[in-house]
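What follows is a short report on a single structure.
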Amino acid sequence: MISVIIPVYNVGEYLERCLDSILCQSCKELEIILVDDGSTDQSGALCDNYAAKDERLKVIHQPNGGVSKARNAGLLAASGDYIGFVDADDYLEPNTYECLLKQMGKADADIAICGAWFHWPDKTTQNDIAGLEEKYTGPEETLRNYLGKNYYGRGLWNKLFRREAVNQTLFDEDVSYFEDSLFFCGVLKRMIESQKGIISFVKEPLYHYMIGRDGSSIRNFERYQTSMLSAERICSLFDKNDPAEKPLYDIARFRLAFMAVNCCRQALLNGRKSEAEVYRQTAAKIMKEQAHNKDIPESEKLKVKLGLISPVHGVNIWKKIR
């Protein structure tokens, strides 16, 4: 059975589409855990209405504590052999979990990762998750690719975990943005330490990810500030003085530079020039440290360089030339 964990907060406009896409999965053995994180719209009532109609749904109502706390509540309540995560404003193809389970079964894998469609506010769509050739890798290679090459998608929504792979890992409740990256890196790090684990890939885009529901620039700046905390804690997973872990620490440190560039951009958009300069200096320092790191693709370094040259427009320049 798959336990599907869905944090719910003020998503009444989208929740029915999400739940309908899960209830119609070709894989029927599901435990759907809805964690209503103090919603102030009709989301909580919708959760209860759906649960009354299908016994596979379980609803947890709790005071608003953020996405990490909501996901932890779901993890503690989960009883499935597999764990999946869905954002409440997204939706799935009908065969998503069937395909992921099938791919995992081919090599007794611990994690399966699939492609996704990104839906932008201007109604355009993009299938843009790299590194999903249908093969298998170990946890260290997966972690290197995830941090260094920006492979596999940043979120958890396109990933299915064997319960043993999660191994009682919980979300850091201090982190509310890029908390999924910190969780995923933590799972992979523990797999490396145990010297076992297989990750499988499905190139087909099976998940539909909605971008830009909260477009406030102020809100984005606050979230990107939190992303720096996530990146710092990912770095702390690795011992920079251990020769075996130093390469992973360096790659994680480069990801911190990438986050700093994003924070610099958001700070400038909000007229916070002094804060922007602090983030710019942080990114520039790390970029200098990692300039000759061969584990980081030149394309990823270019993203940071463009952000340093033009913090506000660098991301758009990258989109045009890539």
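No lab work stands behind these numbers, since they all come straight from the coordinates. Keep in mind the model is a prediction, meaning the values are calculated, not measured. For neighbour counting, all protein chains shown are included, and Cβ atoms are generated from backbone atoms with ideal geometry for every residue, glycine included.
What residue among ASP174, ASP20, ASP242 has the largest mean-square fluctuation in a Gaussian network model of the chain, using Cα springs under 10 Å?
Maximum among the listed residues: ASP242.
If I model a spin label at ARG154 and SER194 as a point 7 Å from the Cα along the Cα→Cβ vector, what separation in nanometres do I get?
2.8
Mind pulling the angle between the C-alpha long axis of helix 273-289 and the longest principal axis of the chain? Nearest 10 degrees, somewhere in 0 to 90.
Approximately 80 degrees, to the nearest ten.
Can you give me the angle between helix 43-53 and the longest principal axis of the chain, using Cα atoms only, in degrees from 0 to 90, rounded to the nearest 10?
Compared with the principal axis, the helix lies near 40 degrees.
Calculated from the structure, volume of the Cα convex hull per residue in Å³ equals which of (1) 131; (2) 245; (3) 157?
The value computed from this structure is option (1).
Under 12 Å from the Cβ of CYS264, count the other residues' Cβ atoms, weight Lys and Arg +1, Asp and Glu -1, and hand me the total.
Here the count lands on +2.
Compute the helix-to-body angle for 179-194: its Cα long axis versus the longest principal axis of the chain, expressed 0 to 90° and rounded to tens.
90
Over the alpha-carbon set of the stretch 217-321, divide Rg by the Kirkwood Rh and report the Rg/Rh ratio to two decimals.
The Rg/Rh ratio comes out at 0.99.
Determine the calculated [θ] at 222 nm for the chain from helices alone, applying -39500 (n - 2.57) to every DSSP H run no shorter than 4 residues and normalising by the residue count; nearest 500 deg cm²/dmol.
So the helix-based figure for the chain works out to -15000 deg cm²/dmol.
What is the distance in Å between the Cα centres of the stretch 62-109 and the stretch 260-308?
Taking the Cα centre of each part, the stretch 62-109 and the stretch 260-308 sit 33 Å apart.
Would you mind calculating the gained length between GLU245 and GLU298 on full extension (0.36 nm times residue separation, minus the Cα-Cα distance), in nm to one decimal?
Residue separation times 0.36 nm, minus the Cα-Cα distance, leaves 16.9 nm.
I'd like the Karplus ³J(HN,Hα) series for the stretch 74-83: coefficients 6.51, -1.76, 1.60, θ = phi - 60°, whole numbers in Hz, and an x wherever there's a Gly or Pro.
3J(HN,Hα) across the stretch 74-83, in whole Hz: x, 4, 5, 8, 6, 10, x, 7, 10, 10.
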